[in-house]
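The values are calculated or read from the model by the stated rules, or taken from the named source; none is laboratory data. Computed from a predicted model, the values in this text were never measured in an experiment. Don't worry about glycine lacking a Cβ; one is built from the backbone with ideal geometry, like all the others, and counts go over all protein chains shown. Heads up: the accessible areas ignore ligands, DNA and RNA and are worked out on the full protein's heavy atoms, side chains in. Shrake-Rupley method; radii C 1.70, N 1.55, O 1.52, S 1.80 Å.
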Amino acid sequence: MQELTLTTERHTQLIDVTQLVRDAVGQEAGTAVLVYVPHTTAGLTINEHADPLVARDFEMALERIAPEGWGWQHIEEGEENAPSHIRASLMGPQVLIPLRDGELALGTWQGVFFCELDGPRTRSLYVTVLA
Amino acid sequence: MQELTLTTERHTQLIDVTQLVRDAVGQEAGTAVLVYVPHTTAGLTINEHADPLVARDFEMALERIAPEGWGWQHIEEGEENAPSHIRASLMGPQVLIPLRDGELALGTWQGVFFCELDGPRTRSLYVTVLA
Amino acid sequence: MQELTLTTERHTQLIDVTQLVRDAVGQEAGTAVLVYVPHTTAGLTINEHADPLVARDFEMALERIAPEGWGWQHIEEGEENAPSHIRASLMGPQVLIPLRDGELALGTWQGVFFCELDGPRTRSLYVTVLA
């Protein structure tokens, strides 16, 4: 398992980490790559990397699907970050990508995105190659 | 890793691919089966296969949870398919099912569903057995 | 693959199963742990275990994101449990957690939660260590 670090810049921000993951895997042999976030207000997804507006649309949509103002009970240091937790779980804490001939078998338009949902913060990412 | 092909018929359509996945796994030994879609407007989920109306309810619900008309920024060839990307990530790009005595350890009511969210199209599905 | 059993108490209820999963893994060696639910109205997620109000917020949010009264078609024994199926898939049927030095590599605030979405019921949980 390798641990990577990244710094986010906005409250809600999707960041393309495909190259980071690819570099972490390197030449390691296996059948699939597990990418995992050890956080409760951040997630991972796989989606389009070609048009950066797709990531912006995700940020807007996640804030609307689980919005502020729903009478959340979890209050942290006077701050309502409860919807950040829900948004993180809607994306999920991990993605698992098959390896084909030693390469991530991503589709043409697919990139791996770290989903910051309560930033800005310094975050970790775990990369594990499965046998 | 095996690559399967399927053709979808509607814009939003859940298709039971359980038997396709089972056939691809065949007698291969391992601990779990990874099913993965290399697309950004399609996903995978596991849910009830007994009543086909459950799949229809998913189609309706995904179109309501991330609806048209939210002022999406990503426009492709004059077409607003941004919500298809969000719906795909809500379902996720992969499912991972344990193997028990060489069989998919699905529950009685569970089937594996390909989620077409921007069809009709010809689509791919990757099946990998993990050691 | 190990099968665990748990009993839920409410219609919608997140239950922290981290210790159950840890005990099932025991000293078994591997790279990652797959936790899987063989149900269609229950799911799994990873989120904050420190403040129990986060779990309560998830219960409320899932009931609002896929609410009653959307004209669901799937009716079971006179009961509209269609939204339970959608909520289950929004959380997902599995989580996959890397192992580091033989321990679940969970973040400080992370716990594994069983998501009951059509309880109370007796439920199963499968735990598999991947090589």
Candidate cut points under GluC sites (Glu not before Pro) in the stretch C:69-106, DSSP loop plus at most 14 other Cβ atoms within 10 Å of their own Cβ, are C:Glu77
The local net charge around C:Ala66, scoring Lys/Arg +1 and Asp/Glu -1 for residues other than C:Ala66 whose Cβ lies under 14 Å from its Cβ, equals -4
Point-to-point label distance, B:Asp16-B:Gln73, nm (Cα→Cβ direction, 7 Å offset):
4.2 nm
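With a 1.4 Å probe and all protein chains kept in place, how do C:Thr41, C:Thr108 rank by accessible area, largest first?
So, going from the largest accessible area down, we get C:Thr108, C:Thr41.
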Backbone HN-Hα couplings from phi across the stretch C:104-118 [Karplus 6.51/-1.76/1.60, Hz, Gly and Pro as x]:
4, 7, 6, x, 3, 9, 8, x, 8, 10, 7, 10, 7, 10, 8
Thinking of the stretch A:24-119 as a set of Cα atoms, what percent of all their pairs are more than 22 Å apart?
39 percent
Could you state the angle between the C-alpha long axis of helix B:52-65 and the longest principal axis of the C-alpha atoms of chain B, as a value from 0 to 90 degrees rounded to the nearest 10?
40 degrees
Spin-label pair C:Glu28/B:Arg121, simplified geometry with 7 Å Cα→Cβ offset, distance in nm
3.7 nm
Taking the solvent-accessible surface of protein heavy atoms with a 1.4 Å probe, what is the per residue accessible area of chain B in Å²?
37 Å²
Divide by every residue of the protein assembly as shown the summed helix terms, -39500 (n - 2.57) for each DSSP H run of at least 4, and state the resulting mean residue ellipticity at 222 nm, rounded to the nearest 500 deg cm²/dmol.
-7500 deg cm²/dmol
Net +/- balance of residues flanking B:Asn47 in space, Cβ distance below 13 Å, scoring K and R +1, D and E -1
-4
For A:Met1, B:Met91, give the ranking by accessible area with the largest first, probe 1.4 Å.
A:Met1, B:Met91
Find the sum over both chains of the accessible area lost when B and C are paired, probe 1.4 Å, and report it in Å² to the nearest 100.
2500 Å²
Whole angstrom only: what separates the Cα centroid of the stretch B:5-42 from the Cα centroid of the stretch A:21-39?
23 Å
Quick one: label points 7 angstrom along Cα→Cβ at C:Gly26, distances to the other copies in nm, smallest first?
3.5, 3.5
Given a 10 angstrom Cα cut-off, can you work out which residue in A:Asp57, A:Asp118, A:Asp23 is the most mobile in a GNM of chain A?
A:Asp23
Given a 1.4 Å probe, show me the residues in the stretch C:103-124 buried by at least 10 Å² of accessible surface when comparing the whole protein assembly to the chain alone.
C:Ala105, C:Gly107, C:Trp109, C:Gln110
Within a Cβ distance under 13 Å of B:Ala29, other residues only, what is the Lys/Arg minus Asp/Glu net charge?
-2
Between copies, how close do the A:Glu63 label points come, placed 7 Å along Cα→Cβ, listed in nm from shortest?
2.8, 2.8
Report ³J(HN,Hα) in whole Hz for each residue of the stretch B:21-32, in order, from the Karplus equation J = 6.51 cos²θ - 1.76 cosθ + 1.60 where θ = phi - 60°; Gly and Pro get x.
5, 4, 5, 5, 5, x, 9, 4, 8, x, 9, 7
Could you state the angle between the C-alpha long axis of helix C:82-91 and the longest principal axis of the C-alpha atoms of chain C, as a value from 0 to 90 degrees rounded to the nearest 10?
30 degrees
Carbon + sulfur, % of accessible area of chain C - ligands and nucleic acids excluded, 1.4 Å:
46 percent
Chain B, closest residue to the rotation axis toward A, by beta-carbon, whole angstrom:
B:Ala131, 2
